[in-house]
Amino acid sequence: MLPPKETLNKNIQVRLASNNDLETISDLYKKEMSFHEQFDPLFALSEEFNGVTYFSRFIENSENLILVAEETGKIIGYIHIRILKEKAQKNKLKWAKFKKIWLRGKKTSPRFNIRWGYVADCFVESKYRQQGIGSLLLEKSVEWLRSRDVPFLDLEVHCLNESGINFWRVNEFETFKLMMRKKL
């Protein structure tokens with residue numbers, strides 16, 4: 001087990017997001033999507049996008065976690081984690097292999113329900129990056145997932161987002177699937 005992550009800035013606090021934070025989280029999400037537009041124009045948000053409405057459906061959902069990082073009361077980053085579920089079909093999934101490789105022996109429902117964590121979003125304001133804040137948000141999220149017996153955590157990162165790829169690798173993520181696209 002790794003030692004707890006520390007931030008370079010001792011004034012950083014991580015806490016559960018509330019409805020009062022939705023406007024700020026929405027603003028951070030817009031910055032996140034704007035950053036991602038350089039990699040793919042599909043990340044562009046429509047003019048009608050309402051981040052408060054979008055995030056409000058997750059804020060009190062027990063299968064979602066939204067944490068915020070604050071410096072002296074100002075939100076400077078957030079992470080949104082989802083617990084996803086899928087029923088495995090024996091004829092489509094080699095259950096024993098899946099259990100051995102991914103679940104590492106953890107018990108699951110006899111109905112073959114597969115649950116996993118998914119990093120829906122993670123963003124820290126640019127001037128606060130490289131200070132351990134994203135790692136701290138991730139660490140707290142992993143604690144939450146482990147307390148719910150979730151066996152693994154997935155995410156997607158654009159192949160051109162080198163800083164993002166490096167961040168996730170430093171935090172012990174590894175490539176296990178390659179998603180590809182063909183423009184039509």
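Here, each number is a calculation from the coordinates, and none is a lab measurement. Here the structure is a predicted model, which is why all the values come from computation and not from measurement. Because the Cβ atoms are built from the backbone with ideal geometry, glycine has one as well, and the counts that use them run over all protein chains shown.
Amide H contacts of ILE114 (H built 1.01 Å from N, in plane; Pro and chain starts excluded): GLU86, LYS87, ALA88 sit under 5 Å, all sequence-distant by 5 or more or on other chains. Under a 5 Å amide H cut-off, with hydrogens placed 1.01 Å from N, LEU153 pairs with GLY117 among residues at least 5 apart or on other chains.
Volume per residue for segment 5-70 equals 129 cubic angstrom (convex hull of Cα atoms). Computed from backbone phi, the HN-Hα couplings of segment 19-34 come to 4, 5, 8, 4, 5, 5, 4, 4, 5, 5, 4, 4, 5, 4, 5, 4 Hz, rounded to whole numbers (Karplus: 6.51 cos²θ - 1.76 cosθ + 1.60, θ = phi - 60°; Gly and Pro given as x). For ASP121, nonlocal amide neighbours, meaning residues 5 or more places apart or on other chains whose placed amide H falls under 5 Å from its own, are HIS80.
Under the combined filter of DSSP loop state and at most 13 neighbouring Cβ atoms within 10 Å, segment 12-59 retains these GluC sites (Glu not before Pro): GLU37, GLU47, GLU48. Using a ≥ b ≥ c from the Cα gyration tensor of segment 112-184 (square roots of the eigenvalues), is it rounded, prolate or oblate, where a/c under 1.5 gives rounded and otherwise the larger of a/b and b/c decides, a/b for prolate? Oblate shape, in that a/c is at least 1.5 and b/c is the bigger or equal ratio. Classify segment 123-164 as rounded, prolate or oblate from the Cα gyration tensor: take a ≥ b ≥ c as the square roots of its eigenvalues, call it rounded if a/c is under 1.5, otherwise prolate when a/b beats b/c and oblate if not. Oblate shape, in that a/c is at least 1.5 and b/c is the bigger or equal ratio.
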